[in-house]
Each structure stands twice: as structure tokens, then as C-alpha cells.
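To start, the structure itself, in C-alpha cells.
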């Protein structure tokens, strides 16, 4: 992508900026329609219709909301720490945006082909944590501070099972690069990591059950990392108003929303890449069979986004199905169940990959 | 001046300015947050030197771990934000002499050392080599560090443990 734009424009800075615009557009469009989808999904699950009046089945509702949000007055509480209060939403959003730099949307559409892809995603998400703490503290509101404390405790705890599962996958694949991990799972869905990877043999069949466990643990812990129900105690509406962004309004609040939806798709993308073949098609490419090579990257983009959206849909589905966990239950789930299982899984996958 | 030089100076400016704010600001929470930008700037400089693994480790450990712990400590300590931090100057003369000597030593080393200069070949991937080195040449140090961290962890857990009545 970068190389293509560089050849086209001939300017490093401009090409770099243009590459960065692509994931930004994807996040913005996804956030707009993700919020609409969330409202429709919740409505239909509760036997309602949801937004219906703005456009066909209300699809312009979030656009209208955005227009409203941009015009709102920017209110800052008198006792708030103004500098940090203004930086915090930017920091949270840039953390979730930065993760997109290494996510391959198709074999041609990827920002940076760095070797340390997945490690980078794990590290850069710590910016979000710092931003949340900043938001909670600077608002000078007890609900905000409590929400921030809960958020950080939760994210830090759930980073451990996430990192353990990622570690076991990296051990199996022998690379940290998200693009290479995607490439290894090519040609059919049977080669995806959830079905034991591309190497056919005894170890493939032995791996399948442990891959299912790994995918499940990764899904649960990433769900907690993006603060979605049933792990939404940082912003629990019935207890903390809105958690760490209680005091925010207008577009600054909007940036937290954008970051949340950006994160939802980012973690779905990570699960898709590690377990569900990344951008690879499950049934082979139409472009290859009719001999039109340039169609293949577009098909890959379609498959990637389709798989990602499926997982996002599951996240929404869970949000409107499960009740919220209590704080102590949340910590119990992480430290007493997920981490030991993830460790055991790591050891077993290690032994199997040695066979 | 090429493109990467400009990026280097941006990162250097971020690092130095935020480090300056860390030591001069009167609010301890602000200090901790400025430290975030210092760590981030240093990570950027590591990337420009071709040490991507070190850069990401820097962010993961310092920003994701140490800084967050620091902030937790600062925020959970009761009324720490109201404490007057002394940022004034005492013992001007000895401090000036000591830092002057240190500065002189550092500059002298920088100027007089015969730096080996090789054509800059940015390694494509450093992760694999680091992994190999850690588990072959430096395995003893690596394991010892692991044990040290484990000891610290167990110690912290046993201090924090609440005794059953």
C-alpha cells in the first residue's frame, strides 16, 4: 500500500499520511454504522424496532447524531484539570487508532509490514489505559475516578490471558507478523488456525480442541479489554453514570465512542487474524478462477471485514444477552480461571508443536 | 535534512521537553503523565535506530506497566495531590559543581571516543536474533533475571497478603 502510493505520488511524507488515512476512514465509517447496528440489534432483541425515521430503517440516525454532537457546546467543569481533560480523549482515540497501523485488511491493504505486528498491538493498547486514567482523574469527579480505576484494573488483568494466548499462537506460527500469520492460513477454511493450521498431520488433529479453547479465552479476555458487557463495570450506567467519561460532552465524548468502536473492530480483527485465517477466503477466490488477478485483494478485503463484523455482531449479541459481572467475580474469572487455563493451553500447544 | 532527520528531531524534542516538564511541574500527577510522553519519545528514537523490538518493549513495560503502576500509587495515596512538592533550589553550588563534572565527563567521552562507524544497515528483523541470543549466549543472565522478578513478585504478594484473623 505504502509502496504503491509512494510510486504514485513520489513523496514519502504524503504517501505515509495517505496510508494513515485509510484505517481512519474505516474506523469512522465503522463507528457510524456500528452504533446504528448496535441500536438495531438491541432493538430487535428486545422486540422493538429501534431508530426508524432517519433514512431507510434509520440508517442515517448516527450521522444525524454526529451533526448534533459537533454543534454542542464544549463544557468543562470548573474544577477539572483542563490540560489533561482535553488531552485524554485524543490519547484514548490515538491508542485505538494506532493499533490499525499493522492490521492487514488484505494482502495489498496494510499500513506497515513490521515484523513485530502482534507485539506492537499489545503494547500500543497501553496508551488507551493511560488515556482512561487521565480522563478519570482530570474530570475531578468521584464517578469518573472510580470508573477509571476499575477500567485500568480490569484491562491490566485481562492483558495477561490475552498475552498468553497470543504467545501460544506466536509459538505455533513462528512469527509475530500479522501479515505472515494470515498468509500461512491460505486456500481453504480447513487450514485456519482454529482447525489446527495448515500443516496436515497428527498434530493438526490434536491441536483442534486446544485451538477452540484458546480462541474462546482470547475472545473473552479481549471482550473485557474493550470494556464491553458483561465486562462493562468501568462504565456501568446503573452504578457510575458513565464511568470515566461521565463529565465529557460533545465531540470529546464522541471520541471516546469512536475509540470504543474502533477497539471493538480491532480486537475482532486480531482474533480473525490469529484464528480465522485473516483476510483469506474460506472457499478460494473468484478472481483466481476467472483469471482476474486484481480482483483478489478486493475479495480479501471483503472477507476480512465480513469476518470482523461477524465477531462484532457476537459482541453486540452478548451485550444484550448477559448481565454485568460484579467486580470480585470479574477478577475471579480472570485470575482463577482464564490465566491457569491459558497457561495450561500454552504448555499443551507447546508439547504438541514439538511432536 | 531528510525526512527521518525531521522525525528524529520531533521525537527528541518531545522527549526533552516532557522530561523538563516532569521535573519542573508542581503537580505530581502531571509529572507522572508527562513521563508518558518521555517514554514514548524514547521509543520513537529506538524505532529510528532500527531497534523495533526494544522500542515496543519500552512502550509495553514502561508505559503499560511501570507508568500505570506509578499512577495507581499516586492516585490511591490519600491527598497526595495536595502535598506541596518542593521544586525550589537548595545547595546551588555543590549541585552545580557535581552536575558540571558529570556533564563534562559525558561530553568528554562523547568527543574523545573513536566511534566505530559502519555503513548503516538497518536489520530487517531483530526479534528472532534477540530470541536466539537470549536462549543461547545470555541464557544464564536471562534465567537469573527471571528468578529475580519471581522473587520480587512473591515478596510483594506476601507483603500485601491480609492475615486471616
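Just so it is clear, none of the values below were taken in a lab; they were calculated from the coordinates. Here the structure is a predicted model, which means the values were calculated and not measured. Using ideal geometry, Cβ is built from the backbone for each residue, glycine included, and neighbour counts are taken over all protein chains shown.
Assuming a ≥ b ≥ c are the square roots of the Cα gyration tensor eigenvalues, decide whether segment A:281-355 counts as rounded (a/c under 1.5), prolate (otherwise, with a/b larger than b/c) or oblate. Cα axes put segment A:281-355 in the oblate bin. Could you give the distance between the Cα centres of segment A:1-70 and segment A:318-355, to the whole Å? Value for the Cα centre distance between the two parts: 32 Å.
Assuming a viscosity of 0.890 mPa s and a temperature of 25 °C, what translational diffusion coefficient in µm² per second does Stokes-Einstein assign to segment A:75-354, Rh being the Kirkwood radius over Cα pairs? Taking Rh from Cα pairs, D becomes 125 µm²/s.
Can you tell me the 0 to 90 degree angle between the C-alpha axis of helix A:61-71 and the longest principal axis of chain A, rounded to 10? Around 50 degrees separate the two axes. The length gained by stretching the chain between residue A:355 and residue A:74 to full extension, at 0.36 nm per residue less their Cα-Cα distance, is 95.1 nm. I need to check one value: relative contact order of chain A, counting alpha carbon pairs closer than 8 Å and at least 6 residues apart, in percent. After rounding, I find 22 percent.
Residue by residue along B:49-56, Cβ atoms of other protein chains within 10 Å of the local Cβ number 3 on average.
The C-alpha atoms of segment A:26-65 occupy a region whose extents along the principal axes are 30, 18, 14 Å, arranged from largest to smallest. Seen against the Cα atoms of chain A and their longest principal axis, helix A:12-45 is set at about 70 degrees. Of the three principal axes defined by the Cα atoms of chain B, the extents in descending order read 65, 46, 32 Å.
To the nearest ten degrees, helix A:250-275 and the longest principal axis of the Cα atoms of chain A are 20 degrees apart. Counting Cβ atoms of other protein chains within 10 Å of each Cβ in A:123-134 and taking the mean gives 6.
Roughly speaking, what % of Cα-Cα pairs in the protein assembly as shown are separated by over 42 Å, rounded to a whole number? The calculated P(r) of the protein assembly as shown puts 23 percent of pairs beyond 42 Å. Treating each Cα of segment A:197-355 as one equal point scatterer and applying the Debye formula with no solvent, the log10 of I(q)/I(0) at q = 0.10, 0.15, 0.17 Å⁻¹ comes out as -0.51, -0.97, -1.11. Shielding by partners for peptide A:22-31, expressed as the average number of C-beta atoms from other protein chains within 10 Å of each residue's C-beta, is 0.
For segment A:1-134, what mean projected area does the convex hull of the alpha carbons give, in nm²? Don't skip to the answer; put the middle values down first.
On the way: hull surface 48.7 nm².
Over every viewing direction, the Cα hull of segment A:1-134 projects on average to 12.2 nm².
Highest mean first, the peptides B:23-33, A:228-238, A:173-183, A:100-110 sorted by other C-beta atoms within 10 Å per residue fall in the order A:100-110, A:173-183, A:228-238, B:23-33.
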